[in-house]
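The values are calculated or read from the model by the stated rules, or taken from the named source; none is laboratory data. Treat the numbers as computed from the prediction; the structure is a model and nothing was measured. As a convention, Cβ positions derive from the backbone with ideal geometry for all residues, glycine included, and neighbour counts pool all protein chains shown.
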Amino acid sequence: MDTLAHQLLISTAIVSATVVIHLLGLDALQMVLRLHLERFTRWIHLDRMVVPLGIVLGLFVLHGVEIWLYALVYWKMGMLPNLEQALYFSTSSYSTVGETGAILSTRWRIVGVLEAINGMLLIGWSTAFLFQILHHLMWNESDEHPLPRGAIARRARSPGTSRPPRG
């Protein structure tokens, strides 16, 4: 198999796995958060600290699992000589801090670069998740928002028209 095609196949498999892991992990975090809010908020009065801390720690665990997945692939496929180096490289690459192409051989460097893109997207997804959850939980908004709901939403088209109706 062509080296590039092999790298892309491996990367696609790992990206797919990390996206599924991330989706399931975010669902699990929401379930744990819901359980906490339903059962413990009556007697724990530190929720403004406990809930954000719990979400952030949960996200760290989730990203850790994804980083470890990459590290195990690097190590088991012989891309890097030992687990410690594979874990260091994976963490550096996933967080887009390190040099992804310089450490891996040319035969595998695309996998490292694609891990960096994958990590950037998953970290962005986690940031959006954290912001959405905290915004929802920390601000008690009523329907009396100064801006109209759906003001810039796409309007439904009337049958037989090519343009949306004017407001």
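Residues being part of a helix (DSSP H, G or I) and not aromatic (Phe, Trp, Tyr): count how many of those fall in region 62-111.
Looking only at that region, the number is 27.
In region 82-119, which residues are modelled with pLDDT of 90 or more and among the hydroxyl-bearing types (Ser, Thr, Tyr)?
The answer is TYR88, SER90, THR91, SER92, SER93, TYR94, SER95.
Restricted to region 126-135, and to residues that are surrounded by 15 or more Cβ atoms within 10 Å (Cβ to Cβ) and closer than 10 Å to LEU59 by Cβ, which residue is farthest from the chain's Cα centre (by Cα)?
Per the stated criteria, the residue is LEU130.
Quick one: in region 45-55, of everything that is surrounded by 13 or more Cβ atoms within 10 Å (Cβ to Cβ) and among the hydrophobic types (A, V, I, L, M, F, W, C), which residue is modelled with the highest pLDDT? Don't jump to the end; show me each part of the working.
We begin by selecting, within region 45-55, every residue surrounded by 13 or more Cβ atoms within 10 Å (Cβ to Cβ); these are 47, 50-52, 54-55.
Still in the list and also among the hydrophobic types (A, V, I, L, M, F, W, C): 50-51, 55.
Working: VAL50: 81, VAL51: 84, ILE55: 94.
By that ranking, first place goes to ILE55.
Which one is farthest from the chain's Cα centre (by Cα) among residues in region 94-121 that are over 24 Å from ASP2 (Cα atoms) and in contact (Cβ under 8 Å) with a residue 24 or more places away in the chain?
The qualifying residue farthest from the chain's Cα centre (by Cα) is THR96.
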